[in-house]
Amino acid sequence: MEKLIVSSSPHIRTKVTTKVIMRDVLIALTPAAVASVVLFGLSALLVIAVCVASSVLFEFLFNLLVKKEQTVSDLSAAVTGLLLAFSLPANAEIYHCIVGSFFAIVIVKCLFGGIGCNFANPAVASRVLLLIAFSSSVGDKVATNFMDPELVGGATPLEAIKSGATDSLPSLIDMLVGNRMGALGETCAIALIVGGVYLILRRVIKWQIPVIYIGTVFVLSFIIKMDFNLALYEVLGGGVVIAAFFMITDYVTTPTNTLGKMVFALGAALITVLIRFFGSYPEGVSFAILIMNILSPYVERLCSRKPFGKVGKK
Amino acid sequence: MFEKLLGKLRIPHLKSTASCEPVVMDAPSEVIFPTLQHRGKPAIPVVKATDTVKVGQLIAEADGKMSSPIYSSVSGKVTKIDLHLGADGRKYPSIRIESDGLMTVCEDIKPPVVEDLDTLIEAIHASGIIGLGGAGFPTAVKLEGVKNNKLETVIINGAECEPYLTCDARMMLDNPELIFEGVELLKKYLPDTPRFIFGIETNKPECIETVARVFADDESVSVMPLPTLYPQGAEKVLIYNTLGITVPENKLPIELGVMVMNVTTLALIAKYVKDGMPLTSRCVTLDGSAVKEPKNVIVPIGAKVRDVIEFAGGLKCEAAKIILGGPMTGVSIYSDEEPVIKTTGGIIALSKKDALANKSTACIHCGRCTEACPQLLDPTSFGRAAKLDNVDDKMQLLDESRINLCVECGSCSFVCPANRPILENIRTMKASLREYKAHKAGLK
């Protein structure tokens, strides 16, 4: 008999590995990707392809350069690339995509230690960088593109609300299917929700997180505007739906415990609404997520449970 | 009944031997008895090389109460007593006996005299019976606790939440009369007329049915079906999920009026009181992807794993890993020469494909370990502690997050998508916290 393997228990492990989780996220993002190509045409496909390919390539090259074990096969770089593409306008310049991927993967993720070590959501941080970096230098058109991007010049729903031009809003049905201005992956709420439900059913994310986030944005918007319809536009416009299912549910940059995750969602919703209604920008989802990313470790510790049977305070 | 039950983990059941009535194994040619098969002090050998022994004959006596005597499971000759490297990595004196194949029963065997609680406890101590669910805590010591505390509930643990294992299930199905007699025995001699609750996972409906039928006329006995979620059989989890009682860290269950006893332990106590044959054999579930015919076997304690596998039909492919016990909490052994001991509920032989672990990758902060922990601990805080440089800070964080409350069920490691050795690290850190505290106490 050959030598037996001796190891610490448990001797069986789950089949749900990091790669399986990331694959599920990619599957969940597929309906929205398809919808974006249908809505915005092949230029959307080009943006997606460039973002995903350059993200994966940057991670590969970084690992090669610093002689780290390759991690591209865990698919997390592909997820980051796809999410970044989703937050860009369909007519984004190729170099925007490449700069965005570089910042997301190399600066935000790899320099902090790679998967699991970044403190901010790479795709979100990169979106904010593009928004700020290119709004002054590239001019007004691109600025609005990155903020709440427009395809052919019309205002996005959130801009329309912000400027009081509520007559020009698309119908709510159009908001649901995505027939409106916006970033390429954000507009089709239905496709995002289908993907989100898939993630919930696969136990990748918890249903409480999107429910709390979307619910809070809706309720606060309603309280501020006292208009049911406008509150619905607030939820369906901008990045609320994609953030609810795909960004504030990111494992690495949110608390590990369920209570903490819920507090995170609540806080993100609060900041989103504050920026939208009281800030100068029409959209606040990305900033809200970044701010909560920074608070995440503290939220996590404040929300930790009391060990079962521990005597005394938590 | 309760808002939330502890233990939430879905693990594969793999109970392919659930319908296999145990078969009795022939006398193996050699048996090995490590003197530590229980929690507490090792037993002290009372035989020497060349002595002849018979089945049921005392070969090592208990070293005080927190210990348990060991009896020969075969008739034959003691060949030697040497230090044997156990699966826990320590060495204990072990008694090797060469079997004559006759299984001649020792003529001293006679039912014990049981008249009251004291004689019952004495009998249980003498029987060599310990917690057979795997913990190996001397049952007599557990029963001593009822003298100073008011006993309200006895929970009979039939959860058997480990994958593969079906010994307890078979005991409930094949020997319900022993379980009935066991409960009657405890009722007769335990003070305070406690109620009895059987905790059985719902993936064993026949067991729930059988036990409920046997105790149909007894109002003090009830069956509580438990969700099939790991680890229902862990003592504190079981107490919470059946009674809603939280066992605080500074108290024993008995101080709260609760006693948990494994269903096989209970049945074997009844059997011992009836026929006086001490614990010399036990049911072992033989299963795993390398095993040709998974089955339940009544194995003489001390039999080598290799002999058990051979008796049961052998392997269909080479075993890359052999586990004593279940795959969640069992111990992997380095050689198939290792003996079956009192607490061995299963022999799981895995093929190479199932034995090789995936590579461990970076933690992605998913929180699945925290969510899975039945003790509501936060393994990520242990990870944080591990990264601290200052040893006092490290130990303080470990202590505050109560790493010592970890029951080592393995849920955290099981769910980890990055396949990190979480429990392995916890074991190491628990040990260093223990040493640190002992050191600090020594300085004072």
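The values are calculated or read from the model by the stated rules, or taken from the named source; none is laboratory data. A quick note: this is a predicted structure, and the numbers were derived from the prediction, not measured. We place every Cβ from the backbone using ideal geometry, glycine too, and count neighbours over all the protein chains shown.
Worth pointing out:
This table checks each residue for (1) aromatic (Phe, Trp, Tyr); (2) surrounded by fewer than 15 Cβ atoms within 10 Å (Cβ to Cβ); (3) in contact (Cβ under 8 Å) with a residue 24 or more places away in the chain.
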{"site": "A:LEU172", "(1), (2), (3)": "no, yes, yes"}
{"site": "A:MET175", "(1), (2), (3)": "no, no, yes"}
{"site": "A:MET181", "(1), (2), (3)": "no, no, yes"}
{"site": "A:GLU186", "(1), (2), (3)": "no, no, yes"}
{"site": "A:ALA189", "(1), (2), (3)": "no, no, yes"}
{"site": "A:VAL194", "(1), (2), (3)": "no, no, yes"}
{"site": "A:TYR198", "(1), (2), (3)": "yes, no, yes"}
{"site": "A:TRP207", "(1), (2), (3)": "yes, yes, no"}
{"site": "A:ALA231", "(1), (2), (3)": "no, no, no"}
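- Residue match in the range B:347-354 (condition: surrounded by 22 or more Cβ atoms within 10 Å (Cβ to Cβ), within 30 Å of B:PRO93 (Cβ to Cβ), touching a Leu at 6+ places or on another chain (Cβ under 7 Å) and not assigned by TED's automatic domain parsing to the domain that holds B:LEU165): yes
- Check on B:THR264, in contact with a Leu (Cβ under 6 Å, 6 or more places away or on another chain), assigned to a helix (DSSP H, G or I) and among the β-branched types (Val, Ile, Thr): yes
- Exclusive hit being surrounded by fewer than 22 Cβ atoms within 10 Å (Cβ to Cβ) and more than 14 Å from chain A (Cβ to nearest Cβ), set B:GLU249, B:GLU255, B:GLU219: B:GLU219
- One residue stands out among those in the range B:314-340 that are more than 10 Å from every other protein chain (Cβ to nearest Cβ) and surrounded by 22 or more Cβ atoms within 10 Å (Cβ to Cβ): the one that is farthest from B:LEU36 (Cα to Cα), which is B:LEU324.
- Within the range B:282-293, the presence of a residue that is under 24 Å from B:CYS106 (Cα atoms), out of contact with any strand residue (DSSP E or B) (no Cβ under 8 Å at 6 or more places or on another chain) and not in a helix (DSSP H, G or I) is excluded.
- Wholly enclosed helices (runs of 4 or more DSSP H) of the range A:209-314 bearing at least 2 residues more than 13 Å from chain B (Cβ to nearest Cβ) and under 13 Å from the mean Cα position of the chain (by Cα): A:258-278, A:285-302
- Restricting the range A:1-31 to residues that are crowded, with 20+ Cβ neighbours inside 10 Å and in a helix (DSSP H, G or I) leaves a set whose member that is farthest from the other protein chains (Cβ to nearest Cβ) is A:LEU29.
- Odd one out for B:ILE245 among (1) closer than 29 Å to A:HIS11 by Cα; (2) in the same structural domain as B:GLU235 (by TED's automatic domain parsing): (1)
- Scope the range B:385-399; condition touching a Lys or Arg at 6+ places or on another chain (Cβ under 9 Å) and not hydrophobic (A, V, I, L, M, F, W, C); matching residues: B:LYS387, B:LYS394, B:ASP399
- Among the residues making up the range B:398-424, a single one is buried (at least 20 other Cβ atoms within 10 Å of the Cβ) and basic (Lys, Arg): B:ARG402.
- Members of the range A:1-29 found to be within 16 Å of B:THR361 (Cα to Cα) and touching an Asp or Glu at 6+ places or on another chain (Cβ under 8 Å), listed by number: A:THR18, A:LYS19, A:MET22
- The lone exception for A:GLY239 - which of (1) surrounded by fewer than 24 Cβ atoms within 10 Å (Cβ to Cβ); (2) at pLDDT below 95 it fails: (1)
- Those helices (runs of 4 or more DSSP H) lying entirely in the range B:373-433 with at least 2 residues among the hydrophobic types (A, V, I, L, M, F, W, C) and more than 10 Å from every other protein chain (Cβ to nearest Cβ): B:379-387, B:391-400
- Contacts under 8 angstrom Cβ, first residue in the range B:421-443 being in contact (Cβ under 8 Å) with a residue 40 or more places away in the chain and over 12 Å from B:CYS406 (Cα atoms), partner of a type outside the set (Phe, Trp, Tyr) and outside any helix (DSSP H, G or I), 6 or more apart: B:PRO421/A:SER8; B:PRO421/B:SER360
- Test: residue in the range B:180-191 that is touching a residue at least 24 places away in the same chain (Cβ under 8 Å) and under 26 Å from B:GLY330 (Cα atoms): no
- The residues of the range A:54-88 that are crowded, with 22+ Cβ neighbours inside 10 Å and more than 15 Å from the chain's Cα centre (by Cα), listed by number, are A:SER54, A:SER55, A:PHE58, A:GLU59, A:ASP74.
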